[in-house]
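The values are calculated or read from the model by the stated rules, or taken from the named source; none is laboratory data. Just so it is clear, the structure is predicted and the values come from calculations on it, not from any experiment. Here the Cβ positions follow ideal geometry from the backbone for every residue, glycine too, while neighbour counts run over all protein chains shown.
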Protein chains: 2
Amino acid sequence: MLGNVLVGQSGGPTAVINSSLAGVYKTAKDQGVKKVYGMLHGIQGLLEEKVIDLDEQFSNELDIELLKRTPSSYLGSCRYKLQGIDEAKEVYEKIFAILKKYEVKYFFYIGGNDSMDTINKLSEYARLINSEIRFIGVPKTIDNDLEVTDHTPGFGSAAKFIATATKEIIRDGLVYDTKSVTIIEIMGRNAGWLAGSAALAGEQHVNGPDLIFLPEMHFNLEEFKEKIIALQKTKKSIVVAISEGIRLQDGRYVCELMNEDKSVDMFGHAVLSGAGYYLANFLKKSLGCKTRAIELNTLQRCASHAASLVDITEAFGVGGAAVNAAIEGETGKMIILKRISTNPYLCTTESYDVSKIANLEKKVPKEWIKEDEVYVTDEFLDYVRPLIQEELTPIYIDGLPKHLVRN
Amino acid sequence: MLGNVLVGQSGGPTAVINSSLAGVYKTAKDQGVKKVYGMLHGIQGLLEEKVIDLDEQFSNELDIELLKRTPSSYLGSCRYKLQGIDEAKEVYEKIFAILKKYEVKYFFYIGGNDSMDTINKLSEYARLINSEIRFIGVPKTIDNDLEVTDHTPGFGSAAKFIATATKEIIRDGLVYDTKSVTIIEIMGRNAGWLAGSAALAGEQHVNGPDLIFLPEMHFNLEEFKEKIIALQKTKKSIVVAISEGIRLQDGRYVCELMNEDKSVDMFGHAVLSGAGYYLANFLKKSLGCKTRAIELNTLQRCASHAASLVDITEAFGVGGAAVNAAIEGETGKMIILKRISTNPYLCTTESYDVSKIANLEKKVPKEWIKEDEVYVTDEFLDYVRPLIQEELTPIYIDGLPKHLVRN
């Protein structure tokens, strides 16, 4: 019988992060691992020895099916940045003491850039102390900003929800025969993968959003206004998709401009709000037309009722591949997705040196952005489209999707 | 062969308003009506003779299936308030001249309170001039604020989306091991049916939102803060559902506290948005914890990807019943839904004098609100739960729900 597994989840959740947990759990059990433990709230919880036995959580195959359909991080998450080995040796000693106590042989961390940094440091420390514990990272982020991997689990489902909502919002905008501008604010501080995915709402590039602004481009308020005025000459309802992280040429975030307007509440407190609200206000004041800001907010990362089956399957797959890699003796690696072909879509997994992935950020390549037309290219769409395919029907109880709740 | 039909859609759209259009169209054709015309953008478009032949739009049964799954108003909508017969006789003359030109015998208007006022006035005018044209109202509004009818088509799907999103947001809020308050802002100016439906997210009244504030209750900022502080003693992640229209004891909308200048729409209704942001800001300043405002915005009325099949079926049914009532000679009526039994759920249609429904507003009864606990009662939940049942799978093309687009 193999040694025990410890698995954790870190960073912002996705609609499919629990599918990766299901992949780790099920593959480990199938491989003959004795115990699969989960750490609550990642490394932060581990340091407080918040460890649970997953066999006590998942009692049958239906639980695994529910887990795949449950949004947010089943184990809870954290935003804990592990310090360097030289700076905080006692933290490493504490972690390894807990791992020893639970007889952990395989350690999996499902997360983004920061989590891969954790895997990198822990595997490095293990090497220094000649520990045989193996550390493998399982990629996860709606932002799709991890390097080397073709894409990240979580991105496809977020893109699918964003495209679905955008399509519905575009239709909703057509309802009145009056001029209106709707701004859809989409997550993505530095990378525009999610905002670009709003373009999928168009069919044969018809009827998608009219403009898409990514953080990779400079945003100019006057040019924005001119583009809206030009569009209003031919159509009444205009829909614009923006990344929350769009910035002016001078580097300021558009959402920061709100503060400079000194919007205050009745107590004189500055009101903080997003880029979408700022732009909707700006256009209302300068053009006089009806405007609306729609912030997709956390729904884009937790709307598991509308998740992509391709994404769920891949999330499960990277979890399983991590277990297999660890059992085969690998450590200090992250599982990556490798696209074999786009049409038909074929994708496989490999493991890759995590030190070459951690802390890096993959942005939308310049050649996939039509800067003049303020849109993404067909190449961008061909890249994303396979990732939003197919659906996994929620298990509905009394009209609502059923989730698996931790004991 | 029977005379022609003219059908229009008015007011804010719903996820199922097109299912009522499908019900009118299909029943009229099945009954042997020659032509079914649609007015674009309601009465406002009709006055400009924007009339289309629906036979040219719907070419087969698949189109009808797509129409049922298409959000927003297929024909476009308006917020046109028809003046009194004495005030604007020329408007009535113009409308009836157009009806005569298209040989319209049956007139259907799918809408809410204001639209029922239109049906009431037009049927009254027809009586005055001895016209044989029959006018029937088809109820529609996510707000569920029409009188007499047990509930309104559109409400169930909005409630289902709100409950689904609330459930996902509650789970998302649990992800970090830190104090946070999430405010979900839900539509509803004067009636709290939609905000109350957020309570469906709880299972056996566990894990729903922690507090629900309806516009039927007075809102008090200090009491709100105290309730949050009390809740924070036992749990970290708190989720609050509020109606956009919550007001202070002195009658001011909470969202007005944000802006000095109050915007109004053409009916003089205050344009509301921002109560959630205001409260999130207020708690952040006064309690120092992480807060987030999530405005479900137009998604709650256009998320047809998550519509209720009970709602879609009833929306189709009231459209069909309107046609049958008109052919049987009725006029000046609205079709109402009459609940026969809640468990098992059985509901039928009847017609009802529209003059006794128009311009009235049905609020959540006081006895269905737990004022002390700031929640809705089990009776409220038993009333709403049947309306969110079952799903009608979208027809997915390339990973996204397919809609029917007007030629």
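Among the criteria (1) assigned to a helix (DSSP H, G or I); (2) touching a helix residue (DSSP H, G or I) at 6+ places or on another chain (Cβ under 6 Å), the one B:P153 does not fulfil is (1).
Of all the numbered requirements in (1) within 30 Å of A:I170 (Cα to Cα); (2) modelled with pLDDT of 95 or more, B:V405 misses one, and that requirement is (2).
Assess whether B:N144 counts as being modelled with pLDDT of 95 or more, more than 14 Å from chain A (Cβ to nearest Cβ) and within 13 Å of the chain's Cα centre (by Cα). Explain how you work it out, then say what you get.
Values: modelled with pLDDT of 95 or more: yes; more than 14 Å from chain A (Cβ to nearest Cβ): yes; within 13 Å of the chain's Cα centre (by Cα): yes.
For B:N144, the condition - modelled with pLDDT of 95 or more, more than 14 Å from chain A (Cβ to nearest Cβ) and within 13 Å of the chain's Cα centre (by Cα) - is met.
Where residues in the stretch B:301-324 are surrounded by fewer than 24 Cβ atoms within 10 Å (Cβ to Cβ) and of a type in the set (S, T, N, Q), which of them is farthest from A:K290 (Cα to Cα)? The extreme case among them is B:N324.
Residues checked against (1) more than 15 Å from A:V323 (Cα to Cα); (2) touching a residue at least 60 places away in the same chain (Cβ under 8 Å):
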residue	(1), (2)
A:L99	yes, yes
A:E103	yes, yes
A:N113	yes, yes
A:L122	yes, no
A:R127	yes, yes
A:R134	no, yes
A:G137	no, yes
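Identification of helices (runs of 4 or more DSSP H) wholly contained in the stretch A:18-112 with 3 or more residues that are modelled with pLDDT under 95 yields no element. Number of residues in the stretch B:116-150 that are assigned to a helix (DSSP H, G or I) and of a type outside the set (F, W, Y) equals 12.
If I go through the stretch A:389-407 residue by residue, how many of them are in a loop (DSSP other than H, G, I, E, B) and buried (at least 17 other Cβ atoms within 10 Å of the Cβ)? Within the stretch A:389-407, residues that are in a loop (DSSP other than H, G, I, E, B) and buried (at least 17 other Cβ atoms within 10 Å of the Cβ) number 7. Residues of the stretch B:282-317 that are within 20 Å of B:S20 (Cβ to Cβ), within 11 Å of chain A (Cβ to nearest Cβ), part of a helix (DSSP H, G or I) and of a type in the set (A, V, I, L, M): B:A306, B:L309, B:V310.
Output the number of residues of the stretch A:358-374 satisfying the condition of being touching a helix residue (DSSP H, G or I) at 6+ places or on another chain (Cβ under 8 Å) and either of a type in the set (K, R) or modelled with pLDDT of 95 or more (or both).
Kept after step one, since they are touching a helix residue (DSSP H, G or I) at 6+ places or on another chain (Cβ under 8 Å), are these residues of the stretch A:358-374: A:358-361, A:364, A:367-369, A:374.
Narrowing further to those that are either of a type in the set (K, R) or modelled with pLDDT of 95 or more (or both): A:364, A:367-369.
Counting residues in the stretch A:358-374 that are touching a helix residue (DSSP H, G or I) at 6+ places or on another chain (Cβ under 8 Å) and either of a type in the set (K, R) or modelled with pLDDT of 95 or more (or both) gives 4.
In this entry, B:Q31 passes the filter for residues that are within 18 Å of B:G319 (Cβ to Cβ), surrounded by fewer than 17 Cβ atoms within 10 Å (Cβ to Cβ) and of a type outside the set (V, I, T).
Please specify each residue of the stretch A:375-396 satisfying the condition of being within 30 Å of B:G208 (Cβ to Cβ) and at pLDDT 95 or above. Once the filter is applied, which keeps residues that are within 30 Å of B:G208 (Cβ to Cβ) and at pLDDT 95 or above, the stretch A:375-396 yields A:E391, A:L392, A:P394, A:I395, A:Y396. Across the stretch A:376-407, the qualifying residues are those that are farther than 28 Å from A:H41 by Cα and among the charged types (D, E, K, R), and the one among them that is farthest from the other protein chains (Cβ to nearest Cβ) is A:E379.
Considering only residues in the stretch B:210-262 that are over 30 Å from A:S73 (Cα atoms) and of a type in the set (S, T, N, Q), the one that is surrounded by the most Cβ atoms within 10 Å (Cβ to Cβ) turns out to be B:N259.
Among the residues of the stretch B:80-94, those identified as surrounded by fewer than 20 Cβ atoms within 10 Å (Cβ to Cβ) and either aliphatic (A, V, I, L, M) or farther than 19 Å from B:S355 by Cα (or both) are B:I85, B:A88, B:K89, B:E90, B:V91, B:E93, B:K94.
Condition first: assigned to a strand (DSSP E or B), closer than 24 Å to B:L404 by Cα and free of Cβ contacts under 8 Å to residues at least 60 places away in the same chain. Can you find one or more residues in the stretch A:189-203 that meet it? Looking through the stretch A:189-203, at least one residue is assigned to a strand (DSSP E or B), closer than 24 Å to B:L404 by Cα and free of Cβ contacts under 8 Å to residues at least 60 places away in the same chain. Looking only at the stretch B:345-370, residues that are out of contact with any Asp or Glu (no Cβ under 6 Å at 6 or more places or on another chain) and under 30 Å from B:Q31 (Cβ atoms) come to 11 in all. Regarding B:T348, is this residue polar (S, T, N, Q), touching a strand residue (DSSP E or B) at 6+ places or on another chain (Cβ under 7 Å) and closer than 17 Å to B:Q389 by Cα? Criteria met by B:T348. Residues in the stretch B:152-201 that are of a type in the set (V, I, T) and more than 10 Å from chain A (Cβ to nearest Cβ): B:T152, B:I162, B:V181, B:I183, B:I186.
When the residues of the stretch B:344-378 are narrowed to those that are free of Cβ contacts under 8 Å to residues at least 40 places away in the same chain and under 25 Å from B:V16 (Cβ atoms), which ends up surrounded by the fewest Cβ atoms within 10 Å (Cβ to Cβ)?
Step one: of the stretch B:344-378, the residues free of Cβ contacts under 8 Å to residues at least 40 places away in the same chain are B:344, B:346, B:348-350, B:353, B:365, B:367, B:370, B:372-373, B:377.
Of the ones still in play, those that are also under 25 Å from B:V16 (Cβ atoms) are B:344, B:346, B:348-350, B:353, B:365.
On the way: B:P344: 7, B:L346: 11, B:T348: 12, B:T349: 19, B:E350: 14, B:D353: 14, B:P365: 12.
My answer is B:P344.
Given the structure, is B:S59 surrounded by 24 or more Cβ atoms within 10 Å (Cβ to Cβ) and either within 14 Å of another protein chain (Cβ to nearest Cβ) or not charged (D, E, K, R) (or both)? It is false that B:S59 is surrounded by 24 or more Cβ atoms within 10 Å (Cβ to Cβ) and either within 14 Å of another protein chain (Cβ to nearest Cβ) or not charged (D, E, K, R) (or both). Do we find a residue being buried (at least 24 other Cβ atoms within 10 Å of the Cβ) and hydroxyl-bearing (S, T, Y) anywhere in the stretch B:167-176? No, every residue in the stretch B:167-176 fails to be buried (at least 24 other Cβ atoms within 10 Å of the Cβ) and hydroxyl-bearing (S, T, Y). Taking the stretch B:135-150 as the range and being surrounded by fewer than 24 Cβ atoms within 10 Å (Cβ to Cβ) and in contact with a strand residue (DSSP E or B) (Cβ under 8 Å, 6 or more places away or on another chain) as the test, the residues that pass are B:V148, B:T149, B:D150. Within the stretch A:134-150, the set of residues being touching a helix residue (DSSP H, G or I) at 6+ places or on another chain (Cβ under 6 Å) and of a type in the set (A, V, I, L, M, F, W, C) comprises A:F135, A:I136, A:V138, A:I142.
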